[in-house]
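First up is the structure itself, then whatever we jot down about it.
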Amino acid sequence: MNWLIHDYREDDLAAVVHLIDVTAELGQESVFSLAECIGALTTRQPAVVAVSEGQPIGAALACVAGDRAWVMRIAIAPAWRGRGLASALLRELERRLVAARVRRIAYVLPEEELLGEGLRNAGYTRRPAVAYFEKAEPAGASATATASLDELGGRLLPGDLWAEVAGMEAEKDVIERRIVLPLAAPERAARHGVLPPRAIALFGPPGTGKTTFARAVASRLGWPFVELLPSRLADEGNLAAALRTAFARVAELERVLVFIDEVEEIAPVRSVPAQSGMHGVTNELLKLIPRFREGEERLLVCATNSIRSLDPAFLRPGRFDYLIPIGTPDAAARSAIWSRYAAQRPDVDLDALVAASGRLTPADIEHVARTAAQSAFERDLGAGPATAPAGAGTADYLDALSHCRPTVTPAMIDQFTADIASHARL
């Protein structure tokens, strides 16, 4: 990817108008006129602009009416067609529209053209009689549900997060088969006596991607994502009461994925004597989960770095369907992760990076990649006009790796291996 995409700004107007004008004769037409597009831009309707080396190379704009949005134009500079820029622009525009509570996104083409196939691939459906493409965004139907989602801080996530989880294929396979497929096709699952899961726990060392997986599952299902933060609930004074209130709001949603990270903070092993009132909080959560499980399109995902710290009654079958370990990436997964960060530089020695990054978590690798990219950027600034290849090289990555302190220690690995043997339920 050799471009950056940002929200439309006023000083982009001339460049965007020029793009719309010059590309209209190249098959990038629209049922919306140039004047209508300018009107949308000047009234701050949602729009995004792609820039490469400081020059605008593409733009996408929409107009919103109620809960429906119309994509008015996607304009791509001729030299950049066929490189995936149209899909990238559309994806970024959709993110803004979903955040604005848009539920249906439509694109009307003047006639059949190549863009139609791209719209089908992006999830749009062609309506009969005209080349009218429409995409439905899932959401709770009632105003009450929308208000509850807002109060909970929930939101719809971009639809591509599952595909963006690099590597970790073994974990993705388990979650896809056990979690996603039964929830996505409940009727077919029921034919075979498969009950879709209602609650799962992800456990493993810190930084291994448990939150990323939870968000990716919500993205894959197209369900709103609500994260309940124990620390924030505790700020309300009475943690047990705050949990009851939060789950009552969740019950008003038609479909939802609820995520609780560091769940050991609210469901620790119940000790004797009671640990500073936590017995009551754990008991409250134990009562709330069965009620939560009564909903058909709901999934509770809890994550913990220390599954042995959780109360055994909390994890038993009937409350949690699966206890899934998420460990550090193996060599194949690390190679996939490094490939994503080093995509600009095909000369990067991936084997060397994989060999040097054993025990690193995805979060560790991301930090190393950012450090290496920063080094390449600073070196480029000091060299005057940009002449060096874009992106970090092998030496940059290896230097950053040499200064990286792995999050996961050998002792954590040993504990995680023991926890898999004693707790995992797949």
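Remarks
- Simple spin-label estimate for A313 and E366 in nanometres, 7 Å along Cα-Cβ: 3.7 nm
- Separation of the E53 and L398 label points, Cα + 7 Å toward Cβ, nm: 3.0 nm
- Antiparallel bridge percentage (DSSP; both residues within the chain; nearest 5): 60 percent
- Fewest-first ordering of T282, T409 by other beta carbons within 10 Å of each residue's beta carbon gives T409, T282.
- In region 313-386, the ratio of gyration radius to Kirkwood radius, Rg to Rh, stands at 1.23 when only Cα atoms are counted.
- Relative exposure of I326, I420, judged by other C-beta atoms within 10 Å (fewest first): I420, I326
- The calculated pair-distance distribution of region 143-327 uses every alpha carbon pair, bins of 5 angstrom beginning at 0, and gives 1, 8, 17, 21, 21, 17, 10, 4, 1, 0 percent.
- In order along region 34-47, the Karplus-derived 3J(HN,Hα) couplings, from 6.51 cos²θ - 1.76 cosθ + 1.60 at θ = phi - 60°, round to 4, 4, 5, 5, 5, x, 5, 5, 6, 9, 6, 5, x, 7 Hz, and Gly and Pro are given as x.
- Between region 223-251 and region 70-93, the Cα center-to-center distance that results, in Å: 40 Å
- In terms of surrounding Cβ atoms within a 10 Å radius of their Cβ, K210, K172, K287 rank from fewest to most as K287, K172, K210.
- Charge context of E169, other residues only, Cβ under 13 angstrom, K/R +1, D/E -1: -1
- Potential lengthening between A190 and A106 on full extension [0.36 nm per residue; Cα-Cα distance subtracted]: 26.9 nm
- Rounded tilt (10° steps) of 410-423 against the dominant C-alpha axis of the chain: 70 degrees
- In a DSSP loop and with at most 13 other Cβ atoms within 10 Å, the trypsin sites (Lys or Arg not before Pro) in region 1-109 are R9, R44.
- With respect to the chain, whose longest principal axis is taken over its alpha-carbon atoms, helix 13-23 is tilted by about 70°.
- Helix 85-99 axis versus longest C-alpha principal axis of the chain: approximately 60°, rounded to the nearest ten.
- Spatial separation of Cα centroids for region 178-205 and region 1-25, in angstrom: 44 Å
The numbers here are math on the coordinates, done by the rules we state, and not lab data. Just so it is clear, the model here is predicted, and its values are computed rather than measured. All Cβ positions, even for glycine, are placed from backbone atoms using ideal geometry, and neighbour counts span all protein chains on display.
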